[in-house]
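Take a look at the structure set out below.
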Amino acid sequence: GLFGFPRWSPFLEALSQRHHVVVPALPGHPGGGDFRSLDDMPDWVSATLDLLDAADLEGADLVGLGNGATLAAECAAFSRTTVGKLVLAAPFGLFDEREPVLDFWARRTSEQAATFSARPAEFARDVLTPPAGADDTEFRIVQSRALEAAARLLWPTGDRGLAKRLHRVRSETLLVWGERDAIVPTSYAKKFASGISGGTQTRIIPGAGHALDFDAPELLAAAIEEFLGD
């Protein structure tokens with residue numbers, strides 16, 4: 001996701017009850033390496049494939065959130081054997097000027113919680129606030145770095161030509177959206193489904209915003225579990 005996973009979350013805990021969960025850290029995100037040498041989408045895809053190779057995840061089921069979902073879709077398009085089943089939660093990558101993706105980088109810091117989550121007070125407390133014992137300044141730098149990395153990948157609209165490659169995605173794919181996503185409209189689920197060559201399923205999570213894994217961790221994990229099976 002856009003802020004990465006600086007800590008183990010209720011969503012990861014729920015998903016790990018029946019699956020072995022590996023959480024690679026994207027460049028620029030908490031735990032990840034430098035991103036400033038990644039100039040275009042092929043650079044990002046190459047770095048992500050290298051990361052999956054290093055984690056010995058070739059052929060594994062791949063779950064992506066937000067910008068991570070964009071890269072998961074790109075990896076499935078560029079390297080089909082890398083991905084088993086594919087889960088894309090509110091991915092970027094397509095653009096419709098009639099329903100544009102929100103430029104969340106233009107939002108004030110004070111607006112971030114309400115932009116990302118349908119539970120803004122809890123999101124501000126649990127995601128945007130440093131955990132106990134963490135250095136406040138360092139935590140803010142890590143968050144800013146993650147958003148800067150996402151901007152390098154996605155700004156301004158998230159459209160880096162994925163529509164021309166989406167037909168190459170032949171993995172069985174689950175598309176998941178929050179009903180109240182204020183960043184990527186739920187209508188984009190149909191746009192992704194119509195472009196993907198593999199079989200697709202779509203789930204809309206009631207009451208959830210863009211931060212699906214925070215707003216509805218158990219429902220998201222259950223939807224993924226049902227799709228992946230044993």
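The values are calculated or read from the model by the stated rules, or taken from the named source; none is laboratory data. Nothing here was measured: the structure is a model prediction, and the numbers come from that model. Here the Cβ is made from the backbone with ideal geometry for all residues, glycine too, and neighbour counts use every protein chain on show. We work out accessible area using only protein heavy atoms, side chains counted, and drop any ligands, DNA or RNA first. Shrake-Rupley method; radii C 1.70, N 1.55, O 1.52, S 1.80 Å.
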Quiz item: Looking at segment 138-166, which of its residues are assigned to a helix (DSSP H, G or I) and farther than 18 Å from Leu2 by Cα?
Solution: Leu162, Ala163, Lys164, Leu166
Practice problem: Spot the failing condition for Arg160; the list is (1) under 20 Å from the mean Cα position of the chain (by Cα); (2) without any contact (Cβ under 8 Å) to a residue 24 or more places away in the chain, and only one is missed. | Solution: (2)
Quiz item: Just one of the numbered conditions (1) free of Cβ contacts under 8 Å to residues at least 60 places away in the same chain; (2) in a loop (DSSP other than H, G, I, E, B); (3) open to solvent by less than 10 Å² (accessible area, probe 1.4 Å) is not true of Ser197; which one?
Solution: (3)
Quiz item: Do we have Glu172 as surrounded by fewer than 16 Cβ atoms within 10 Å (Cβ to Cβ) and of a type outside the set (A, V, I, L, M, F, W, C) here?
Solution: no
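Report whether or not Ala149 is farther than 19 Å from Thr109 by Cα, surrounded by 14 or more Cβ atoms within 10 Å (Cβ to Cβ) and at pLDDT 95 or above. Walk me through how you get there before you give the answer.
Details: farther than 19 Å from Thr109 by Cα: no; surrounded by 14 or more Cβ atoms within 10 Å (Cβ to Cβ): yes; at pLDDT 95 or above: yes.
Answer is no for this residue.
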Practice problem: State whether one or more residues within segment 175-184 are within 15 Å of the chain's Cα centre (by Cα) and more than 17 Å from Pro100 (Cα to Cα). | Solution: yes
Quiz item: Scanning for something open to solvent by less than 70 Å² (accessible area, probe 1.4 Å) and not in a loop (DSSP other than H, G, I, E, B), does segment 130-137 turn up at least one residue?
Solution: no
Practice problem: Name, by its number, the condition in (1) in a strand (DSSP E or B); (2) surrounded by 20 or more Cβ atoms within 10 Å (Cβ to Cβ) that does not hold for His210. | Solution: (1)
Exercise. Report yes if some residue within segment 183-201 is in contact with a Gly (Cβ under 9 Å, 6 or more places away or on another chain) and basic (Lys, Arg); otherwise report no.
Key: no
Quiz item: Does any residue in segment 167-191 that is assigned to a strand (DSSP E or B) come within less than 9 Å, Cβ to Cβ, of a residue that is of a type in the set (Asp, Glu) and crowded, with 18+ Cβ neighbours inside 10 Å six or more places away or on a different chain, and which pairs are these?
Solution: Gly178/Asp215
Practice problem: Among the helices (runs of 4 or more DSSP H) lying completely within segment 1-116, list those that include at least 1 residues that are at pLDDT below 95, more than 16 Å from Glu148 (Cα to Cα) and open to solvent by 60 Å² or more (accessible area, probe 1.4 Å). | Solution: 41-54, 67-78
